[in-house]
Amino acid sequence: MAQVVQIIPIPAFKDNYIWLIHNNHYAIVVDPGDAAVVNNTLTKLNLTLQTILITHHHQDHIGGVDLLLETHPEAKVFAPKNESYAFAHQPVGEPDTIDLGNWMNTSRVIDVPGHTLGHVAYYIKQNQQEWLFCGDTLFGAGCGRLFEGTPTQMMQSLEKLTALPENTLVFCTREYTLHNINFALTLEPNNQALINRHQQTTDLINLGKPTLPSTIKLELATNPFLRSDSVEIQSSLQLNKPTQLETFSKTRLLRNSY
Ligand code: ZN
């Protein structure tokens, strides 16, 4: 019998989400930057923490791991093999698939350098759905800052993610969507899909609801970092016959100060 598996966002810090996958018994958390909010949810839903997935080494993604392992020593941690971590973990990277217990299908690990050099994403097919946990690589209508990698690396990483099936649900880690859409509208004010998304996102925010998950299809239609071939974006950037890399790089630079 198919297991009923749910995914819920746990708000953390100012605008982070820690995603929690559960079947009413076992739980998996992705990037637990804060142990207290995760423990509150585990207790409230009476869940046993089985697995911790880490996408990259930034503190707001790993800050809760040590405390969670103290209270849940049986939990297994998976973290990128190209980064170093002080806590016990199994290092993962392409082309690994990882076992998430008998109530879940396996997860594929995808290397997505750019935001950090070792950054990975986790892709899971479950319940006739596809799920992507992409850390700080892809955001709703945006992408992560290039702290360690180059624009070329980030573009290639984003291309890997957008090659996934278009209905893949994208579980981003930040509530940046509306701000990103406002920025995107400065570059592509006539993009009807973007205008529609602005309205839908504003409605969600007004209802106090998360604007995530997104989908690959929606991101391809509205995310300026995936639309470097858009003539309207190139024209807004005042670039003359630019390469997609030049368009991407200038978009990233402008967003840094938006
Ligand atoms: Zn980060």
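The values are calculated or read from the model by the stated rules, or taken from the named source; none is laboratory data. Since we're looking at a predicted model, the values are computed, not measured. All Cβ positions, glycine included, derive from the backbone under ideal geometry; neighbour counts span all protein chains shown. What goes into the accessible areas is simple: the full protein's heavy atoms, side chains included, and nothing from ligands, DNA or RNA. Shrake-Rupley method; radii C 1.70, N 1.55, O 1.52, S 1.80 Å.
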Two-site FRET efficiency, residue 206 against residue 243, from Cβ-Cβ distance with R₀ of 35 Å, rounded to 0.05:
0.35
Cross-link reach list, lysines versus residue 217, counting only Cα pairs under 26 Å and skipping chain neighbours closer than eight places
125, 160, 209, 250
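Based on the Cβ-Cβ distance from residue 8 to residue 152, what FRET efficiency comes out when R0 is 41 Å, to the nearest 0.05?
Details: r = 36 Å, r/R0 = 0.87.
The computed FRET efficiency comes out at 0.70.
Please compute the contact order of the chain in relative form: average sequence separation of alpha-carbon pairs under 8 Å and at least six residues apart, divided by the residue count, as a percent.
13
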With a 1.4 Å probe and every protein chain left in place, work out the accessible area per residue of region 6-59 in Å², rounded to a whole number.
39
So for the pair residue 85, residue 145, with labels modelled 7 Å out along Cα→Cβ, what separation do we get in nm?
2.3
Given the DSSP H assignment, sum -39500 (n - 2.57) over each helix run of at least 4 residues in the chain and divide by its residue total; what's the result at 222 nm in deg cm²/dmol, nearest 500?
-9500 deg cm²/dmol
Tell me which of 53, 142, 129 sits at the most positive position along the dipole axis of the chain, charges placed on C-beta atoms (Lys, Arg +1; Asp, Glu -1).
142
Where a ≥ b ≥ c are root eigenvalues of the Cα gyration tensor, a/c under 1.5 meaning rounded, otherwise prolate if a/b exceeds b/c and oblate otherwise, region 135-253 counts as oblate
What are the ³J(HN,Hα) values, in whole Hz, obtained from phi via the Karplus relation 6.51 cos²θ - 1.76 cosθ + 1.60 with θ = phi - 60°, for each residue of region 165-174 in sequence order, with x given for Gly and Pro?
x, 5, 8, 3, 7, 10, 9, 7, 9, 9
